[in-house]
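J.: So that we are looking at the same thing, I have put the structure below in structure tokens.
The values are calculated or read from the model by the stated rules, or taken from the named source; none is laboratory data. Since the model is a prediction, treat every value here as computed from it, not as a measurement. Neighbour counts are summed over all protein chains in view; Cβ atoms, including those assigned to glycine, are modelled from backbone coordinates with ideal geometry. Keep in mind that these areas ignore ligands, DNA and RNA; they rest on the heavy atoms of the full protein, side chains included. Shrake-Rupley method; radii C 1.70, N 1.55, O 1.52, S 1.80 Å.
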Amino acid sequence: MGDFSLLPSLVVFAGVIAALVVGASLLRRRSRRLGRPVPGRLTRSTGDALQGGGAPVRLPVDELVKRASIQLVQMDDALREAVDEVEFTRAEFGEAAAIEFAEALDTARRRASEAFALRQRLDDSVPDTEQQQRDWSKRILSLSDSALALVTAQSRSIQERRRDETSAPDALARTRAAIAAGRARLPEARATLSELADAYASTAIAPVAGAADEVEQAFDAAERDVTAAEAALSASTLAPAARQAQQAEAAVRRAQARLDAVERMRQTLRDARVARETALSAAGVQRTEAAHLRDSVEDPAAAERITAASAALEAAVDTARARTAADPVADVDALAAAAGRLDDTLAIARTAQQRLDSARSALVGAIAIAESHIRTADDAIAAGRGRVGPDARTRLAAARHELDLARQEADPVAALDGARRAATRATDADALARYDTLGLGR
């Protein structure tokens, strides 16, 4: 009896152990179903990695900044694709269907703008503490993730609707029609490029150099995808053709964007010619005023600065007039830079009202120059897409921000400075984009 007297206790103890084992197993399964973090995975909301047991690992700040830069590029490319997708949605399904997508895209752009502003702070010449770099990089990751999520959700929704409402043969037929329409534009584009090459220096038309060949190659690639998809569907109506159809549509969009860039370049250069003549006339007026003010100032050092700046503007005028191959954009830039330096030196001799009037007069032209450079940089980034890194994109975002502030600025002098900064940053963005596209930055 003594041995058997322990049996009830042993049974109870074994039951408790079994219940604990079953409970732990159920908790583990529930944790997996709830999507708890997997060991070793990066949590972008914090920018830290998770190891076994869910404990966060503090990433080195350089790695965190690098991940934020990569995510910025992915987000920016996704937003650029989303712009095209909104237009296609509007064309396919009507304005009402595109409203929600467009609103989501606007929200994503605002988050992208904040992310690029933070990236600019990481990139500027002001030293940042390690904690600032860490906090800003984490914020960039969070903003980029949320922007990506917004446009991705809308893109998926449109793709589902497209699958429901549009058959593959219809999509391929539309793409083939778009290829034909695009090819019909090619002769005019080639004629435009030839006309521009005859009328302007190679540096002036560099942003669209080779565009016609790029367009033709894109249409050839699209046509190959369409032909392959049509062949697959003719063999079997269940053949997977969606991927080839999407590739063809993407190639057509790229080609259409390059054709549009060629058309815009013609107008850009025409506008630059007008701006060049205006700048040359303004330079004459400004030099006359400089000569008068130079004679009226009492400070010899100030007079010397005015003389030097006036001579630099005169040299820019001489260069523009002597140029054999026209590059009005370069002329306008050189004249604007020289005029800006002279304007700064004349500030000491102007009354406050004179400075305001002068700034208002120069502001319209400065804003037009900034807008032109922003369009050129945007085209360069769009052409390079994934090959263009975060530096060019960040500078373009900074240029747009500076231009927006300049437009809102009540003080015309401050607005003029802002517009000039916007033009400079857009020029930097364009140069960096072309550098990355050529693969020199890798």
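J.: Looking at Glu195, Glu223, Glu214 in this structure, which one is loosely packed, with under 14 Cβ neighbours inside 10 Å, part of a helix (DSSP H, G or I) and touching a Lys or Arg at 6+ places or on another chain (Cβ under 9 Å)?
T.: Only one candidate qualifies: Glu195.
J.: Could you tell me which residue of the stretch 318-333 is nearest to Ile374 (Cα to Cα), considering only residues that are surrounded by fewer than 20 Cβ atoms within 10 Å (Cβ to Cβ) and touching a residue at least 12 places away in the same chain (Cβ under 8 Å)?
T.: Looking at the filtered set, the residue picked out is Ala330.
J.: Here's something else I'd like to know. Filter the stretch 292-315 down to the residues that are part of a helix (DSSP H, G or I), aliphatic (A, V, I, L, M) and modelled with pLDDT under 90 and list them by number.
T.: Leu293, Ala301, Ala302, Ala303, Ile306
J.: Which one of these does Asp123 not meet: (1) within 18 Å of the chain's Cα centre (by Cα); (2) at pLDDT 90 or above?
T.: (2) is the only condition that Asp123 fails.
J.: Another question, if that's okay. Say whether the condition of being open to solvent by 30 Å² or more (accessible area, probe 1.4 Å) and in contact with a strand residue (DSSP E or B) (Cβ under 8 Å, 6 or more places away or on another chain) is met by at least one residue in the stretch 161-169.
T.: no
J.: Continuing with this model, one more query. Any residue in the stretch 136-158 that's under 13 Å from Val65 (Cα atoms): show its pairings with residues that are surrounded by 18 or more Cβ atoms within 10 Å (Cβ to Cβ) and β-branched (Val, Ile, Thr) at Cβ separation under 7 Å, as long as the two are six or more apart or on different chains.
T.: Once the first residue is under 13 Å from Val65 (Cα atoms) and sits in the stretch 136-158, its partners that are surrounded by 18 or more Cβ atoms within 10 Å (Cβ to Cβ) and β-branched (Val, Ile, Thr) give Ser137/Val65.
J.: Also, I was wondering about something else. Every residue in the stretch 58-107 that is touching a residue at least 60 places away in the same chain (Cβ under 8 Å), crowded, with 21+ Cβ neighbours inside 10 Å and more than 28 Å from Ala429 (Cα to Cα), please.
T.: Thr89, the sole residue that qualifies.
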